[in-house]
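Step one of this worksheet: look at the structure below.
Each value in this text was obtained by applying a stated rule to the coordinates, not by laboratory testing. All figures in this text were calculated on a predicted structure; none of them were measured in a lab. Backbone-built Cβ (ideal geometry, glycine too); neighbour counts: all protein chains shown.
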Amino acid sequence: MSDKVKDKVKELLSSGKIKGFLGLCSRDGNIAPHLFVTEDELDNLVVGDKSAPGDSRYPLNRQLINLVRAYPDDTFGILVRGCDERGLAALASWNQINPNKIEMVGIACPQELAIACECLKPYPESFVDGEKCEGVTAETVARIDSLKVKERFDLWLNEFSKCIKCYGCRNICPMCFCNECSLENDELIRKGEIPPEIPTFHLTRAVHMAGRCIDCGLCSEACPADIPLRTLYKKVADIIYKQYNFRAGYDAGQKSPLNFLGGLPE
Amino acid sequence: MDYRTVLTTCTHCGCGCNFYLEVLDGKVIGTIPCKTSPTNEGKLCIKGWNVHEFIQSEKRLTQPLLRKDGELKEVSWDEALDFTAKRLREIKDTHGADSIGFLTSARVTNEENYLLQKFCRAAIGTNNVDHCARL
Amino acid sequence: MTNSIAELENADCILVIGSNTTSSHPLIAMRIFRAKQKGARLIVADPRRIQLALMADLHVRHNLGTDVALINAMMHVIIKEGWHNQAFIDERTEGFEDLKKILDAYTPEKAAEITGVAADDIIRMAEYYAKAKAGSIVYCMGITQHTTGVDNVRTLANLSMITGHIGRESTGVNPLRGQNNVQGACDMGGLPNVYPAYQAVTDPDNKKKFESAWNAALSDKVGLTVSEMMSGLSHGPLKALYILGENPMVSDPDTAHVEKALKSAELLVVQDIFLTETARLAHVVLPGATFAEKDGTFSNTERRVMRVRKAIDPVGNAKADWEIIKEISNRFGYPMEYGTPEEIMKEISSVTPSYGGITYQRLDGEGLLWPCPTTDHPGTKFLHKDKFVRGKGLFYAVEFKPPAEVVDEEFPFWFTTGRVFAHYHTGTMTRNCPTLDSEIHEGFLEVNPGDAEGLGLRHGDAVNISSRRGLMTAKTMVTDRVTKGVVFMPFHFAESSANVLTNTVLDPVCKIPELKVCAVRLEKVA
């Protein structure tokens with residue numbers, strides 16, 4: 001599905017509207033996150049499907065933050081799926097990026113990927129390629145919710161006991177932009193041990209994801225212990241939705257009820 | 001502006017995970033695990049995630065050092081290389097090739113390991129080459 | 001490794017022995033987690049309650065240095081119960097009768113006395129492993145760094161062969177290599193007895209071949225190992241040592257002995273990226289480049305050759321290590337004319353049969369697992385498929401021998417060493433990563449709560465640790481990760497270096513030092 005994306009990026013680059021386009025490219029026999037700065041590089045542009053749709057997604061939003069921090073006056077283009085668009089909206093609400101300096105080139109995810117992600121909105125507001133498919137509700141959450149308390153507790157304890165404390169869930173997360181991270185606070189979570197304190201480490205992170213997680217699933221994909229982190233954060237997001245009728249990134253401009261740093265919600 | 005992602009292999013253990021080093025204007029600013037790697041499938045451990053941090057450490061050696069009057073002093077490459085080659089030659093001529101030993105490294109590339117053992121065997125003329133495989 | 005890493009996922013029984021996999025090889029631990037998820041049985045044999053033990057079906061904590069007794073007893077049970085694979089033994093191996101004879105004496109009850117593992121647990125270990133369809137063994141330095149290192153490895157090979165658990169997908173014996181390119185350093189002939197691809201220097205045909213390839217007269221005399229070089233420096237015959245990217249002042253046993261050796265060198269050349277404890281003793285220090293500053297290849301523990309790509313120029317006036325070696329060789333009078341590492345790889349594949357089909361172009365994508373003899377060969381996922389390298393697999397009848405140093409009244413605690421999850425080897429690289437150094441920034445001694453109480457030690461107290469080699473101080477970590485009578489210390493930290501204490505005594509065959517067992521005394525710092 002990359003031809004229409006290529007055409008769009010070509011137009012943005014040739015018009016001088018953007019300094020570069022953050023997307024994916026086929027390089028060295030792998031799929032790489034890549035900043036396209038010239039039109040002739042676009043031949044290798046891909047959307048991140050290696051063996052299955054969207055199986056090679058990268059934390060492009062995170063990379064974008066690095067770029068705009070170094071070059072705040074420039075405009076960049078970026079490849080977005082539904083989740084990435086939510087991420088950019090949420091980042092803007094937390095004053096981490098200037099949405100006027102970003103040109104999104106959207107693609108809609110196929111149903112297969114939407115099912116795998118249990119994504120409520122598997123498409124961005126506007127997209128150049130793909131077709132809008134049905135949103136999917138989270139059966140994984142419902143399945144765990146249906147367990148008895150003890151079973152549920154044991155399930156998570158077993159999952160957390162595999163954690164090797166790589167901090168990959170945080171490192172890959174486009175919404176983790178804090179300068180100081182509670183996970184590294186020695187008084188909260190003792191350093192130097194694996195598994196990290198159970199369940200403090202993971203629940204601390206889950207609490208910090210409340211009102212923030214945009215459900216991209218990169219954390220689960222980055223977890224070397226295959227801990228179903230995405231399911232955990234989906235649950236946290238459901239709780240926030242029930243309490244405050246808020247889901248992060250779905251409504252551009254709307255602030256999280258827990259967003260105190262950026263001012264009180266309206 | 002020069003922003004690149006360079007695919008390479010981790011140096012922090014024998015798993016051999018692949019990641020992209022994120023380079024902005026000549027500075028390595030991050031590590032991004034490679035999704036299509038057969039060894040790590042887009043995942044890393046704490047050592048891999050932070051491998052970029054030592055590369056441009058202020059404590060890196062940036063100039064050859066030569067011991068003069070008991071102390072290591074910064075010198076030019078020419079001086080350091082000439083000194084090394086000359087002393088190796090003198091010691092070989094005086095005490096024989098087997099008086100010289102080499103420790104090659106489990107941390108440098110295959111090409112560099114090959115070259116050092118070749119230098120040891122073909123130039124010096126001894127098989128005194130080993131590394132920390134056992135340690 | 002006999003198998004590729006990903007294959008571990010599909011093993012239905014994994015025996016992990018002497019490997020703290022989640023700390024030292026985390027991305028291999030991932031495959032063990034997945035195997036477990038798919039229903040595999042996990043057996044962990046480790047004196048410490050390592051992370052994998054938390055999810056093991058069976059964790060046995062055998063006494064330090066009693067691996068042979070434990071594994072021999074497993075085999076005793078397997079044969080007694082008829083769980084062995086007679087067809088495999090008949091077809092693919094020799095020497096079984098000799099092994100069988102000595103195994104008679106290793107009843108689970110006798111082994112229980114030696115190892116401290118309950119006889120019933122030994123029987124369960126035997127049953128789980130022997131009855132598996134795809135049994136895999138994973139081991140690391142906890143098996144090899146012993147005076148009986150070779151014995152231990154041979155015993156594990158025996159176990160895999162009597163059950164036929166080798167030479168198939170997801171089924172084999174998998175030593176995990178500790179250093180990122182230790183496999184490559186060995187493959188490339190960084191060993192005193194072999195040229196690249198393990199071609200013996202004593203074989204006249206090999207000598208002739210390399211003399212012609214390298215245009216030089218070569219020695220057919222086996223060279224010195226690291227440990228022999230150290231004593232060679234102390235006692236005279238060795239005059240000069242050239243060290244590339246190694247830090248024996250931290251990694252080698254008995255630091256005082258290493259320091260004396262290095263100081264007695266007429267010439268000590270150290271090529272490294274930091275001014276390490278070893279570099280400080282050098283006559284000349286050559287600043288090399290990190291993996292991010294040069295092109296090349298690494299070979300990982302599963303024999304996969306993968307590209308290293310240059311991301312930035314070397315810092316300051318540092319140089320890529322291959323360029324430094326080339327320059328010295330040229331000045332020494334043995335010309336080397338390589339323009340790029342790729343040119344060196346071309347020469348490597350021409351003299352290294354197992355790398356014969358490897359080119360940079362072919363390494364794009366997933367890399368290649370050697371043996372890969374020709375450019376149309378796809379590489380080799382698992383070894384010993386239809387036959388072993390020597391033809392028939394040979395059983396060695398190995399008897400249990402205790403460690404070289406055992407506890408006594410003067411030194412009553414068993415001392416062992418290892419890695420922690422945030423650091424790698426001597427810490428030259430990881431301790432210069434601020435995030436990693438802040439995760440764990442100093443050495444410590446793990447002491448069992450019962451022992452701590454007896455010694456009046458509390459968490460965080462300074463404790464003096466002494467062995468027959470030296471004395472050092474570290475902070476106490478009170479934890480039941482170690483059993484009573486055993487203490488553990490990581491070896492990454494130069495300022496509290498575990499190797500001040502460890503024993504230099506070597507395995508008689510492979511010359512590996514017994515870093516995993518010695519005897520120490522503990523005293524609370526007043």
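Averaging 1/r across all pairs of distinct Cα atoms in segment A:1-63 and inverting the result yields a Kirkwood radius of 11.9 Å. The long axis of helix A:82-93 is offset from the longest Cα principal axis of chain A by roughly 80 degrees.
A DSSP coil position with no more than 15 other Cβ atoms inside 10 Å describes the following GluC sites (Glu not before Pro) in segment C:166-274: C:Glu169. In the neighborhood of A:Leu12, defined by Cβ-to-Cβ distances under 14 Å, what is the net charge if each Lys or Arg adds +1 and each Asp or Glu adds -1? Summing Lys/Arg as +1 and Asp/Glu as -1 gives +1.
Once the convex hull of all Cα atoms in segment C:138-225 is built, its volume per residue stands at 145 Å³. Think of it as helices only: each DSSP H run of n ≥ 4 in chain A is worth -39500 (n - 2.57), and spread over all residues that comes to -10500 deg cm²/dmol at 222 nm. Work out the FRET efficiency for C:Ala105 and A:Gln243 from their Cβ-Cβ distance, taking R0 = 51 Å, and round it to the nearest 0.05. Efficiency, rounded to the nearest 0.05: 0.15.
In this simple spin-label model, placing a label point 7 Å from the Cα along the Cα-to-Cβ direction at both A:Phe177 and B:Arg67 gives a separation of 5.4 nm.
What net charge is computed for the residues neighbouring C:Glu410, neighbours being all others with C-beta under 13 Å from the C-beta of C:Glu410, Lys and Arg scored +1, Asp and Glu -1?
On the way: positive: C:Arg468, C:Arg521; negative: C:Glu405, C:Asp408, C:Glu409, C:Glu523.
That sum, taken over residues with Cβ under 13 Å, equals -2.
Of the trypsin sites (Lys or Arg not before Pro) found in segment B:53-117, those in coil by DSSP whose Cβ has at most 13 other Cβ atoms within 10 Å are B:Lys59.
Taking other Cβ atoms within 10 Å as a rough exposure proxy, C:Val138, C:Val520, A:Val37, A:Val47 sort from fewest to most as A:Val37, A:Val47, C:Val520, C:Val138. Helix B:77-95 and the longest principal axis of the Cα set of chain B meet at an angle near 50°. Pair-distance distribution of chain C: all C-alpha pairs, bin width 20 Å, starting at 0; shares per bin in whole percent are 20, 55, 25, 1.
Scan segment A:71-137 for GluC sites (Glu not before Pro) in coil per DSSP, keeping those whose Cβ has at most 13 other Cβ atoms within 10 Å, and list them by number.
On the way: sites: A:Glu85, A:Glu103, A:Glu112, A:Glu118, A:Glu125, A:Glu131, A:Glu134; in loops: A:Glu118, A:Glu125, A:Glu131, A:Glu134.
Passing sites in segment A:71-137 are A:Glu125, A:Glu131, A:Glu134.
If you take every residue apart from C:Leu522 with its C-beta less than 15 Å away from the C-beta of C:Leu522, what net charge results, scoring Lys and Arg +1 and Asp and Glu -1? Counting the neighbours of C:Leu522, the net charge comes to -2. Listed from fewest to most Cβ neighbours within 10 Å, the set C:Phe444, C:Phe88 follows the order C:Phe88, C:Phe444.
Multiplying the residue separation of A:Asp73 and A:Glu39 by 0.36 nm and subtracting their alpha-carbon distance yields 10.1 nm.
Evaluate the Debye formula for segment B:65-134 with equal point scatterers sitting on the alpha carbons, no solvent, and hand back log10 of I(q)/I(0) at q = 0.21, 0.23, 0.28 Å⁻¹, in q order, two decimals. Log10 I(q)/I(0), no solvent term: -1.03, -1.09, -1.13. In plain terms, the residue of C:Ser496, C:Ser136 with the fewest other Cβ atoms within 10 Å comes first and the most crowded comes last, giving C:Ser496, C:Ser136.
Were the residues from C:Lys484 through C:Lys221 laid out at 0.36 nm apart, the gain over their Cα-Cα distance would be 89.9 nm. Summarising the label geometry, the points placed 7 Å from Cα in the beta-carbon direction at C:Ser350 and A:Phe153 lie 7.0 nm from one another. The angle between the Cα long axis of helix A:2-14 and the main principal axis of chain A comes to about 60°, on a 0 to 90 degree scale.
Would you kindly give the portion of the calculated P(r) for segment C:109-168 that falls above 17 Å, as a percent of all Cα pairs?
Numbers: 911 of 1770 pairs.
Result: 51 percent of Cα pairs exceed 17 Å.
Largest GNM mean-square fluctuation among A:Ile194, A:Ile102, A:Ile172, using chain A with Cα springs under 10 Å: A:Ile194.
Give me D for the protein assembly as shown in µm² s⁻¹, whole number, from Stokes-Einstein with Rh from the Kirkwood sum over alpha-carbon pairs, 25 °C and 0.890 mPa s. For the chosen part, D equals 84 µm²/s.
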